[in-house]
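Here's the structure, in structure tokens; my notes come after.
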Amino acid sequence: MKNTNTLKKNYEFKNVLTNGKGYFGRYINIYIIKEKYTTNKIGIAVGKKTAKSVKRNLIKRWIREAYYRFESNLNESYRIVFVLKKNVDIRDLDFWKIKKDMEMLFKKAGII
């Protein structure tokens with residue numbers, strides 16, 4: 001793992017979601033803001049109405065693992081929030097679909 005931390009506070013999430021640039025994929029949306037720090041910080045949001053806690057935590061683990069696979073290729077000093085789309089069918093979702101969607105969004109954002 002490179003120099004990546006997590007966003008923990010509500011105001012950190014709000015700052016990225018309101019001031020950041022959004023990129024929208026098939027399964028996840030990402031919001032990115034560039035800051036002056038030298039490390040990346042990520043946050044993951046999966047709504048309670050999406051699924052029960054076991055499935056929500058599994059999806060968060062998949063998103064985190066997919067991010068770690070791209071981490072060495074990413075530019076630094078970004079705050080990134082991953083948001084699972086509301087209309088996604090959870091039964092059809094898997095790690096490889098998330099990884100492919102994330103790669104497309106990173107290329108679209110120009111941070112890879």
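The values are calculated or read from the model by the stated rules, or taken from the named source; none is laboratory data. Quick caveat: nothing in here was measured; it's all calculated off a predicted structure. Ideal geometry is used to build each Cβ from the backbone, glycine not excepted, and the neighbour counts take in all protein chains shown.
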Q. Taking the range 43-81, which residues are of a type in the set (D, E, K, R) and not in a helix (DSSP H, G or I)?
A. K48, K49, K52, E76, R79
Q: Just give me the residues in the range 29-54 being surrounded by 13 or more Cβ atoms within 10 Å (Cβ to Cβ) and farther than 19 Å from I111 by Cα, in sequence order.
A: A45, V46, T50, A51
Q: Just give me the residues in the range 82-109 being more than 13 Å from the chain's Cα centre (by Cα), part of a loop (DSSP other than H, G, I, E, B) and among the basic types (K, R), in sequence order.
A: K86
Q | Options G43, G110, G47: the member that is free of Cβ contacts under 8 Å to residues at least 40 places away in the same chain and on the phi > 0 side of the Ramachandran plot | A | G110
(Q) Tally up the residues in the range 1-31 that are in a helix (DSSP H, G or I) and of a type in the set (A, V, I, L, M, F, W, C), please. (A) 3
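Table: residues versus (1) touching a residue at least 40 places away in the same chain (Cβ under 8 Å); (2) surrounded by 14 or more Cβ atoms within 10 Å (Cβ to Cβ).
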{"position": "K9", "(1), (2)": "no, no"}
{"position": "K21", "(1), (2)": "yes, no"}
{"position": "Y27", "(1), (2)": "yes, yes"}
{"position": "R56", "(1), (2)": "no, yes"}
{"position": "Y68", "(1), (2)": "yes, no"}
{"position": "R91", "(1), (2)": "no, no"}
{"position": "I98", "(1), (2)": "yes, yes"}
Q: Give the residues of the range 22-63 that are under 15 Å from L7 (Cα atoms), of a type in the set (F, W, Y) and modelled with pLDDT of 90 or more, sorted by residue number.
A: Y31
